[in-house]
Every structure is written in structure tokens, then in C-alpha cells.
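Asks: Could you have a look at this structure, given as C-alpha cells, before my questions?
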Amino acid sequence: MEREWEYLLHLIRCAIQDILPDEVPEGVDLRRVYECGVYHHVANLAFHSVERLKAPPSGELYDIWKACRDKALVLDFNQSFAAEEIRDAFSSANIRWLEMQGTRIKPLYPQSDWRTMSDIDFIVDPSNLERAGDILGSLGYVCKNVRDIEIVGFRMPNINVELHVGFFPDNTIYSSVLGDAFSTERPIDTLYLYNILHIIKHYLYGGCGIRRVLDLYLLNQAYGECVDRDYVQAVLKRVNAAELTSELLVLANDWFGSGISVKNEMAQYIWCSGLHGNRLNELQNRLQDSKRNGIKYLFERFCGNKQVMYVRYPILEKHKILYPFCWLHRGVRALKPGKRKRLQREIKAVRNKKMFK
Amino acid sequence: MKLKYKFIVRNVGGKPVAVAVGQDNQKFNGMIKLNASGETIFQLLSAGDISQEELLARFAVQFDISEETARPAVLAFLSQLQDNGLLDE
């Protein structure tokens with residue numbers, strides 16, 4: 001699986017850099033490359049390189065990969081149209097809005113459809129949230145108010161919209177660090193920081209796959225030289241994210257800039273990040289590849305990697321003696337209903353020999 | 001005549017592609033790859049109701065050819081749109 005992973009990264013890098021990819025290395029299962037791409041929401045992007053191979057895949061694999069690319073393309077058209085509709089409607093109603101996520105990241109990609117979005121996000125004035133929701137309703141969206149801090153809307157066949165009232169929810173450590181969304185005097189610094197913090201949030205709490213690392217790479221390419229570095233570092237240090245950001249940037253540059261194959265703990269964490277089904281597959285592969293036993297795997301999962309522990313528990317950097325208490329806290333959190341089910345699935349996977357080929 | 005659905009045409013990888021958008025995407029959830037002449041016909045049909053003769057005239061001007069030269073290609077394309085249920089006459 002590791003070679004498939006490396007080849008997927010190679011295909012993505014070649015697409016981003018507009019260079020011809022190397023032909024499929026011997027022993028690499030291209031179907032698994034495709035599956036890894038789907039899992040990380042980059043299969044459509046990787047297809048651009050696949051089409052340029054001297055010997056592209058044929059038959060069913062080519063067809064499904066192409067269909068994946070076409071589906072992303074159709075969605076991109078529709079999301080662009082939907083976003084424009086909403087902007088026009090907000091303008092007509094004198095509602096201020098900001099876009100800070102996918103619609104701002106997409107233009108950094110060579111082709112807009114290469115960067116898929118699960119939804120379109122807008123930030124609006126809290127006082128205008130209800131009116132903004134009514135506007136979505138008038139455009140055909142079925143809307144739901146979530147605790148008066150956001151509205152989620154859906155329109156057939158597949159357009160999801162989210163309206164927020166601030167950069168981050170109040171119950172996160174990032175909620176106040178960027179100030180008021182509509183009062184910033186540093187729009188580029190704020191955009192850069194917002195997306196970094198968003199990526200960090202996902203890294204810490206699961207769901208940081210290849211695509212977010214690629215976002216980080218392109219974000220840094222576009223804005224890295226323009227931002228006020230002292231200001232950016234100061235903000236990242238306030239939320240104890242400076243070191244992690246720096247390490248992620250190095251990884252991003254290695255993967256998508258210089259094309260260096262990196263197999264460190266961070267790389268593996270990102271590789272495994274995401275849906276439980278794939279986590280179980282990865283568990284299977286890692287246990288088979290390394291011949292480590294299940295108990296050791298579960299111990300490592302329970303204890304977490306160093307980066308995650310240092311950001312979630314900043315006190316550990318100076319007081320490593322507190323590790324057992326932090327592990328205890330982590331264990332208690334793992335007993336929450338959603339996390340407990342995931343933990344049970346992983347324990348079952350280790351016990352159940354039928355999970356292994 | 002005009003297009004039955006609202007389409008957006010964009011250049012993707014150097015080639016024009018048309019996709020039905022908004023609520024029309026539920027009725028036609030696919031994409032159409034066009035060439036230069038197809039893109040022109042699409043744009044003319046998207047602008048509003050247009051007669052076949054007017055479309056032919058504008059197409060001929062756009063490509064700097066006679067209407068007689070343009071006629072077979074234009075009619076063939078319109079026929080394809082009709083066969084796929086994309087034309088409102």
C-alpha cells in the first residue's frame with residue numbers, strides 16, 4: 001500500500017506542476033491508487049496525470065476513474081453557479097458576507113474542479129443570519145437552523161450551503177484569535193491564518209487527508225510571501241499551533257514541491273486519516289506489513305502521536321510527567337458515544353482474524 | 001427555439017464543456033463536450049428564443065462563412081440536441 005500511496009502523491013504533484021508523470025512503477029496496483037485517491041478526495045485531480053500516461057489504465061478502472069473526474073466537474077459547475085446566485089441575492093438584500101474556505105481555495109488550483117467542496121460556506125453578520133436563511137429558502141434550499149449560530153441548506157441534487165456567523169464556533173480555542181470577521185484590517189493575513197487554523201483543527205480531530213495538505217501547499221505558494229510573518233507566527237503561537245504548522249508546511253513542500261517521499265509519523269497519520277472503513281483497511285495493512293501485534297497497535301492509537309498530544313495538552317511540552325493524566329483524559333473522551341463506537345470497531349478488527357486477508 | 005435547460009459553458013483543459021446548472025441539473029445531470037462551433041451554437045441558443053434562420057445567419061457571421069456552407073453542420077448539431085431532448089422549439 002505504501003507504494004500506491006507514493007505514486008498517488010506523484011500523480012498529484014505532476015498535475016499541480018503540469019509535468020508528465022512517470023509510468024506506473026512495477027508492482028503498483030493502480031486500482032488501489034484510485035481507491036486511495038477517492039478516499040482522500042483527490043482521485044479526480046490525479047486523473048489529469050493518469051490521462052497523460054503513455055500506458056493509461058484501460059477497461060473498467062479507466063471508466064470509473066473518468067466518471068469520478070466528470071462527476072467532480074459537474075459538481076464544480078453547479079457549485080460555482082449556486083455560489084454566484086447566493087452572492088447576487090445577498091448583494092441585492094444588502095447583506096454583508098465573507099467567503100473564507102473552499103471558494104477561496106479553489107482558485108489556487110490550476111483547475112477549479114480539481115478542488116472538490118462538500119459544501120459552500122459563507123460568513124454573514126449574526127444580525128442577518130435569519131434573513132440570509134430566508135434568501136436561501138427563496139432560492140430553493142431546504143434550510144435548518146443550528147443553535148442560532150449557523151444555517152445549513154440543501155438543494156437538489158447535491159448543493160449544500162452553510163451560513164456561519166464567525167470564523168470558528170465559540171466553543172473552540174480559535175474562536176477569538178482572528179477577531180471579528182467583518183472588522184479585520186489584515187484580509188490576506190486573516191485568510192491565510194484562517195485556512196491554516198482550519199487545517200490544524202482537522203489534523204487534531206481527525207479528517208486531515210492529502211487534500212488539506214495540498215491546500216496548505218497552494219495557500220503558502222500564493223500568500224506565503226505576502227503575509228506579515230511576525231503577525232502570523234504570533235497568532236499561531238497563541239493557540240500552540242506554530243510548530244505543527246511548520247511541520248505540515250515542510251511535509252507539504254516535500255510532497256508537492258520537491259517530490260520527496262516522506263514516511264514519518266505525520267505522513268502516516270495523514271495517510272490513515274478519515275473514514276472508519278479505511279482506517280480499518282489501513283490497520284489491516286499496517287499490521288500485515290509490519291508484523292506488529294494488535295495490542296501494540298491499540299496502545300499506540302490510545303496514546304496518540306507526539307504532535308497531537310502537544311497541541312491538545314500544551315502543558316506536556318514542559319511537564320512530560322503529566323502524560324499519564326493526559327492519557328487518562330484521552331481515555332475518558334474515548335468513552336463518548338461516537339468515539340466509543342469507533343474504538344469498539346478497531347478493537348474488534350484487531351481481534352477478528354477474518355478481517356485480515 | 002431555445003435550450004430546454006440553463007447551461008453554463010466553460011473552458012476545461014482547453015475545451016468547452018456545457019453543464020446544466022441550478023435546479024435544471026436534476027433534470028439533466030451530465031456534461032456536454034463541445035467543439036468551437038458547438039460552443040457558438042450553444043451560446044446563441046442560451047441568449048434566448050431564436051429562429052433557426054437567425055441562428056444560421058449569426059453563426060455564419062461568427063465564422064466568416066456563407067450560410068450555405070454553415071447549414072449542414074448547424075442542422076446536424078441542432079438535430080443532436082433535439083434527439084437528446086435538449087431543445088425547446
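The values are calculated or read from the model by the stated rules, or taken from the named source; none is laboratory data. The structure displayed is predicted, hence computed values, not measured ones. Glycine also receives a Cβ, built like all others from the backbone with ideal geometry; neighbour counts cover every protein chain displayed. Just so you know, the surface numbers come from the protein's heavy atoms only, side chains and all, with ligands and any DNA or RNA stripped out. Shrake-Rupley method; radii C 1.70, N 1.55, O 1.52, S 1.80 Å.
Asks: Anything in region A:116-138 that is crowded, with 18+ Cβ neighbours inside 10 Å and either modelled with pLDDT of 95 or more or under 24 Å from A:ASP180 (Cα atoms) (or both)? List them, or say none.
Replies: Across region A:116-138, the qualifying residues are A:ILE120, A:ASP121, A:PHE122, A:ILE123, A:VAL124, A:ASN128, A:LEU129, A:ALA132, A:GLY133, A:ILE135, A:LEU136.
Asks: Could I ask something else about it? Of all residues in region A:70-98, how many are touching a Phe, Trp or Tyr at 6+ places or on another chain (Cβ under 9 Å), surrounded by 16 or more Cβ atoms within 10 Å (Cβ to Cβ) and not in a helix (DSSP H, G or I)?
Replies: 2
Asks: Follow-up question, since we're still on this one. Please find, within region A:250-268, the residue that is farthest from A:LEU204 (Cα to Cα) out of those that are open to solvent by 30 Å² or more (accessible area, probe 1.4 Å) and either without any contact (Cβ under 8 Å) to a residue 24 or more places away in the chain or assigned to a helix (DSSP H, G or I) (or both). Walk me through how you get there before you give the answer.
Replies: Residues of region A:250-268 open to solvent by 30 Å² or more (accessible area, probe 1.4 Å): A:250, A:253-254, A:258-261, A:263-265, A:268.
Narrowing the set further to residues that are either without any contact (Cβ under 8 Å) to a residue 24 or more places away in the chain or assigned to a helix (DSSP H, G or I) (or both) leaves A:250, A:253-254, A:258, A:260, A:264-265, A:268.
Details: A:VAL250: 17, A:ASN253: 20, A:ASP254: 21, A:SER258: 26, A:ILE260: 24, A:ASN264: 17, A:GLU265: 14, A:GLN268: 14 Å.
Looking at residues that are open to solvent by 30 Å² or more (accessible area, probe 1.4 Å) and either without any contact (Cβ under 8 Å) to a residue 24 or more places away in the chain or assigned to a helix (DSSP H, G or I) (or both), I get A:SER258.
Asks: Does region A:98-112 contain at least one residue that is farther than 22 Å from A:PHE182 by Cα, away from every other protein chain (no Cβ under 12 Å), of a type in the set (A, V, I, L, M, F, W, C) and under 18 Å from the mean Cα position of the chain (by Cα)?
Replies: Yes, some residue in region A:98-112 is farther than 22 Å from A:PHE182 by Cα, away from every other protein chain (no Cβ under 12 Å), of a type in the set (A, V, I, L, M, F, W, C) and under 18 Å from the mean Cα position of the chain (by Cα).
Asks: So, in region A:32-69, exactly how many residues are open to solvent by less than 20 Å² (accessible area, probe 1.4 Å) and within 14 Å of chain B (Cβ to nearest Cβ)?
Replies: 5
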